[in-house]
Amino acid sequence: IKCSKTLEGLPAVEGHHRDGKTFIAIFCVSRHNVNGGETQISYDKGDNIVHRQTLSPGEILIMDDTEYFHYATPIECIDDQQDGFRDIFLFSTPSSRASEVLY
């Protein structure tokens, strides 16, 4: 997710949501020149947040996607003179690839 002086970075435009998987893992690869990007875990669409964490590079958060909703807050640049970014990997099980789903 990128941001700049004129562009707010929106990691989860759909708001608090589920991905339709059993488990998901959110791994932070890097953060550069950004505020925000707080991961929020809730029992519903955001009214009852049970965990919030701004992941640092190298940190991973694993959650049960059947029980909880998740969301990441928008990011904005700390220094408007340069762009910012937040890189994450999102892992899920079962796989989203139809060819890897076992029936």
Take THR66 and decide whether it is among the β-branched types (Val, Ile, Thr) and free of Cβ contacts under 8 Å to residues at least 12 places away in the same chain.
no
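Checking the structure you have, find out if any residue of the range 34-57 is in contact (Cβ under 8 Å) with a residue 60 or more places away in the chain, more than 11 Å from the chain's Cα centre (by Cα) and either open to solvent by 60 Å² or more (accessible area, probe 1.4 Å) or on the phi > 0 side of the Ramachandran plot (or both).
Going through the range 34-57, the residues in contact (Cβ under 8 Å) with a residue 60 or more places away in the chain turn out to be none.
Checking the range 34-57: not a single residue is in contact (Cβ under 8 Å) with a residue 60 or more places away in the chain, more than 11 Å from the chain's Cα centre (by Cα) and either open to solvent by 60 Å² or more (accessible area, probe 1.4 Å) or on the phi > 0 side of the Ramachandran plot (or both).
Considering only the range 41-89, state which residues are in a strand (DSSP E or B) and of a type in the set (Ser, Thr, Tyr).
Restricting attention to the range 41-89, the residues satisfying the condition of being in a strand (DSSP E or B) are 41-42, 49-53, 60-64, 69-72, 75-77, 84-89.
Of everything in the range 41-89, those that are in a strand (DSSP E or B) and of a type in the set (Ser, Thr, Tyr) turn out to be SER42, TYR71.
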Yes/no for GLY84 being closer than 16 Å to PRO11 by Cα and among the small types (Gly, Ala, Ser)
yes
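Condition first: closer than 12 Å to GLU67 by Cα, assigned to a strand (DSSP E or B) and over 12 Å from the mean Cα position of the chain (by Cα). Now tell me which residues in the range 9-33 satisfy that. Full working, then the answer.
Taking the range 9-33 and keeping what is closer than 12 Å to GLU67 by Cα, we get 17-24.
From what's left, assigned to a strand (DSSP E or B): 17, 23-24.
Residue satisfying the conditions is PHE23 alone.
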Residue count, the range 60-84 (criterion: open to solvent by 50 Å² or more (accessible area, probe 1.4 Å), farther than 19 Å from ASP19 by Cβ and either modelled with pLDDT under 95 or not aliphatic (A, V, I, L, M) (or both))
6
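The values are calculated or read from the model by the stated rules, or taken from the named source; none is laboratory data. The model shown is predicted, which means the values in this text are computed figures rather than measured ones. Every residue, glycine among them, receives a Cβ derived from its backbone with ideal geometry; neighbour counts consider all protein chains shown. Surface areas here come from the heavy atoms of the whole protein model, side chains and all, with no ligands, DNA or RNA. Shrake-Rupley method; radii C 1.70, N 1.55, O 1.52, S 1.80 Å.
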